[in-house]
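Undergrad: Sharing a structure, written as structure tokens. Questions coming.
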Amino acid sequence: MEIKKVGVLGCGLMGSGIAQVSATAGFEVTVLEVEQKFLDKGFAGIEKSLAKFAEKGTLKETPQAVRARLKGTTNMQDLADCDIVVEAVIENIVEKKKMYAALDAIAKKDAIFATNTSSISVTELMSATKRPERFIGLHFFNPVALMKLVEVVKTIATAPDVYDTAYEFGKKLGKVPVRTSDKTGFIVNRLLVPYLLDAVRAYEEGVGSIEDIDNAMKLGCGYPMGPLTLLDFVGLDTTYYITHVMYDEFKERRFASPPLLKRLVMAGWYGKKTGKGFYDYSDPSNPKPNKL
């Protein structure tokens, strides 16, 4: 099938990014939120981002032309004619399943449902609908407008043509899609999370300071940022949640949350978004390592 109209569930950090790249690629996009204020905030971020791309000369048309393809709504019925609906709401399985069940009764029969989840079973989310063969994972990365990767995740029930359509949709968005299946963590988090957790354990065990661990991995392995900086950027709360899902699946220590990560989250130190994590962001341009 040909995708012409895109629906996005949620206009937060990920949802607004998915909406932006979809509209930039030429698709008509309808974004659903629970309240108008969340749409206003998300769309303001999109407009700011588009303006930056225009300044750099990397936007093929005017920001106004892209913005004209974006529509916000608080009425799920407005998604009835979408060819694909990408969900990017809170990482809570109960809330996601409720939304899919409601949408399933509204969306046209051949519409594809996609989830942007980074850790929840795509198969379990699929079970809330009556279209298992048309359900897939599309895991984008933050910031969506800049990160080139999208993981295209199939379940055992996903129809081959839906898998191919989702893969091609990723390419049309200007992304580099990779094919994977519904195994916890997919490709990236399956490999990345144990590395990040080992970095926390290395610090706990006195292997090196926060700065030394980060510099060692940047300069020794050529990574753009160190693991503790990356944890602050991703969100310690987000990673902590993912560890629960992955440990529950595999029961292996490498997926278990280190005590320090748990305590930082309990203290409300989630990283860059709260101003404190492994680093203190009182001066965002010059973050300093915290004494933990």
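Undergrad: So for the pair Thr73, Glu205, with labels modelled 7 Å out along Cα→Cβ, what separation do we get in nm?
TA: Spacing of the two 7 Å Cα→Cβ label points: 5.4 nm.
Undergrad: Give, rounded to the nearest 20 debye, the magnitude of the charge dipole that the stretch 189-279 has about its Cα centre when Lys and Arg contribute +1 at Cβ and Asp and Glu contribute -1 at Cβ.
TA: It comes to approximately 180 debye.
Undergrad: Here's another thing I want to ask about it. Could you give the longest part of the chain that holds none of the GluC sites (Glu not before Pro) found in DSSP loops with at most 15 neighbouring Cβ atoms within 10 Å?
TA: 62-204
Undergrad: Can I ask one more? Could you list, bin by bin from short to long, the percent of Cα-Cα pairs of the stretch 189-279 in 5 Å steps?
TA: For the stretch 189-279, the binned pair fractions read 3, 15, 26, 27, 19, 8, 2 percent.
Undergrad: Based on other C-beta atoms within 10 Å, arrange Asp212, Asp161 from fewest to most.
TA: Asp161, Asp212
Undergrad: Taking only Cα atoms of the chain, what ratio of Rg to Rh do you get with Rh as the Kirkwood inverse-distance radius?
TA: 0.98
Undergrad: In what sequence do Ile106, Ile213, Ile18, Ile156 fall when counting other Cβ within 10 Å, fewest first?
TA: The order, fewest Cβ neighbours first, is Ile156, Ile106, Ile213, Ile18.
Undergrad: Can I ask one more? Counting pairs on different chains as well as pairs 8 or more places apart, how many Lys pairs in the stretch 131-258 have Cα atoms under 26 Å apart?
TA: Going through the stretch 131-258 pair by pair, I get 15.
Undergrad: Pick out, in residue order, every one of the trypsin sites (Lys or Arg not before Pro) in the stretch 29-126 that is DSSP loop and has at most 15 other C-beta atoms within 10 Å; say none if there are none.
TA: Listed in order of number, the matching sites are Lys60, Lys108, Lys109.
Undergrad: Considering only DSSP beta bridges with both partners in the chain, what is the antiparallel share in %, to the nearest 5?
TA: 25 percent
Undergrad: Given points 7 Å out from each Cα along the Cα-Cβ axis, report the Glu249 to Leu13 separation in nanometres with one decimal.
TA: Label-label distance for Glu249 and Leu13, simple model: 2.1 nm.
Undergrad: Here's another thing I want to ask about it. For each of Val89, Val34, Val153, count neighbouring Cβ atoms within 10 Å of the residue's Cβ, then give the residues from fewest to most.
TA: If I rank by nearby Cβ atoms, fewest first, I get Val34, Val89, Val153.
Laboratory data are not the source of any read-out in this text; all were calculated from the coordinates shown. None of these values were measured; they are calculated from a predicted model. Cβ coordinates were reconstructed from backbone atoms using ideal geometry, including for glycine residues, and neighbour counts include every protein chain displayed.
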